[in-house]
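Here's the structure we're looking at; comments come further down.
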Amino acid sequence: MVPAGLTDTLRIARRQLNEALAVVTGRTIETIDALLGDAPYAVAGEHGGAIRSVPGGLIERPDVPPPPESWLAAGVALEAAHPGAMFEQKPRGFGLHFRLAPDAGPAIHAVMAALVADSAEFELLHGQMMWEIRPRGVNKGDAVTRLMRSAPFLGRVPVFIGDDVTDEDGMRVARAMGGVGLRVQDVFGDAAGVRAWLHETASRDDWGEPP
């Protein structure tokens, strides 16, 4: 769900930042397009497994394998076995959401951990009420590095805001580049706090100092 006014705020921020606004997410680029439209300039989806550096541009993907079909079948079976769980397939991985079936978390973890136990190519990640299998060597930090190599981000100081364990890579790289990584829970309290800060900062057109 996208709260009312958020996309307008993001469009204002993008204009004020001379286009240097990106969304870095575990979701697909197509999902972000459906949710946010043209609000962000660049989008990195699938934890950095897909990057579109410019609006309407080609989607670049690192050369990594898709998960075996048998793993996908196991994911679908987990969804069927646990009412409320949701299987989400991505081009190079998949996840099982259990927000609506919280008691299923341990069982889902056990099956997915067994799938990757002997794999050198894939890893298991714990997100917000979900477990996800993704290729090794693809993460949000890599996405930040790639985005910062070209305009409109080149030469700027990165500010990365995230609330998930998978966001830690992006925060780490932003800090290593002389920027900041802001963990939502520590700095803003929750997502509503982030939206309020974005709105207030865009209203003042004052992006000089992050909170």
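The values are calculated or read from the model by the stated rules, or taken from the named source; none is laboratory data. Remember, it's a predicted structure, so these values are computed and weren't measured experimentally. Cβ placement follows ideal geometry from the backbone for every residue including glycine, while neighbour counts extend to all protein chains displayed. Calculation scope for accessible area: heavy atoms of the full protein, side chains included, ligands and nucleic acids excluded. Shrake-Rupley method; radii C 1.70, N 1.55, O 1.52, S 1.80 Å.
Calculated on the Cα set of the range 76-211, radius of gyration then Dmax: 17.8, 53 Å. Note that the range 34-43 has calculated 3J(HN,Hα) couplings of 5, 7, 10, x, 9, 4, x, 6, 10, 9 Hz, one per residue in order, obtained from phi through the Karplus relation 6.51 cos²θ - 1.76 cosθ + 1.60 (θ = phi - 60°); glycine and proline are x.
Find, to one decimal place in angstroms, the Kirkwood hydrodynamic radius of the range 94-160, where the mean of 1/r is taken over every pair of different Cα atoms and then inverted. Result for the range 94-160, one decimal place: 14.0 Å.
Look at where the Cα atoms of the range 1-36 and of the range 153-211 average out, and the two centres are 14 Å apart.
Just to confirm a number: summing +1 for Lys and Arg and -1 for Asp and Glu over residues other than Ile161 whose beta-carbon lies under 9 angstrom from that of Ile161, what do you get? Taking every Cβ under 9 Å from that of Ile161, the sum is -1. Surface composition of the range 58-205: carbon plus sulfur atoms hold 55% of the accessible area, using a 1.4 angstrom probe and ignoring ligands, DNA and RNA. Protein-only accessible surface at a 1.4 angstrom probe places the residues Ser203, Ser150 in the order Ser203, Ser150, largest first. Projected onto their three principal axes, the Cα atoms of the range 154-205 cover extents of 28, 27, 13 Å, largest first. Hey, if you put +1 on the Cβ of every Lys and Arg and -1 on every Asp and Glu Cβ in the chain, which of Gly105, Pro66, Trp131 ends up farthest toward the positive end of that dipole? Highest projection toward the positive end goes to Pro66.
For the residues Ile12, Ile32, a 1.4 Å probe over the protein chains yields an accessible-area ranking, largest first, of Ile12, Ile32.
Considering the range 45-136, its Cα convex hull presents a mean projected area of 6.4 nm².
Measuring nothing but alpha carbons in the range 1-56 and taking Rh as the Kirkwood radius, the Rg to Rh ratio lands at 0.95. The heavy atoms of Arg136 present about 110 square angstrom of accessible area, all protein chains included, probe 1.4 Å. Per residue, the accessible area of the range 81-152 comes to 47 Å², computed with a 1.4 Å probe over protein heavy atoms only.
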